[in-house]
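Participant: Sending over a structure as structure tokens; questions will come in a sec.
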Amino acid sequence: MRTKLRKVGNSRGIILPAPFLKALRLDQDVEVRLVGDQIILEAPSVLREGWYKAYQAGKDASEWDAVGELSVEEDWEW
């Protein structure tokens, strides 16, 4: 598809056809990046999506096993 650049203030913009927006699941926000001489448009990723499901409590707990218990009276210098 060929389209024209349109003046938008001091910048330039393009009009994207509605089927493109629907296919990319775009609403208000869009991720834009430049790869070589190509402009890539993507639906924005959801921040922290899937973190809770990926959490492995047993794996994280093993990292803290070596720390041990801290006692305010014995281990801290005031």
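Participant: Quick one: how many residues across region 1-22 are more than 15 Å from L41 (Cα to Cα) and aliphatic (A, V, I, L, M)?
Facilitator: 3
Participant: Now for a different question. Quick check on my filter: what residues within region 23-78 are polar (S, T, N, Q) and at pLDDT below 80?
Facilitator: Selection gives S45, Q56, S62, S71.
The values are calculated or read from the model by the stated rules, or taken from the named source; none is laboratory data. No experiment lies behind these values; they were computed from the predicted model shown.
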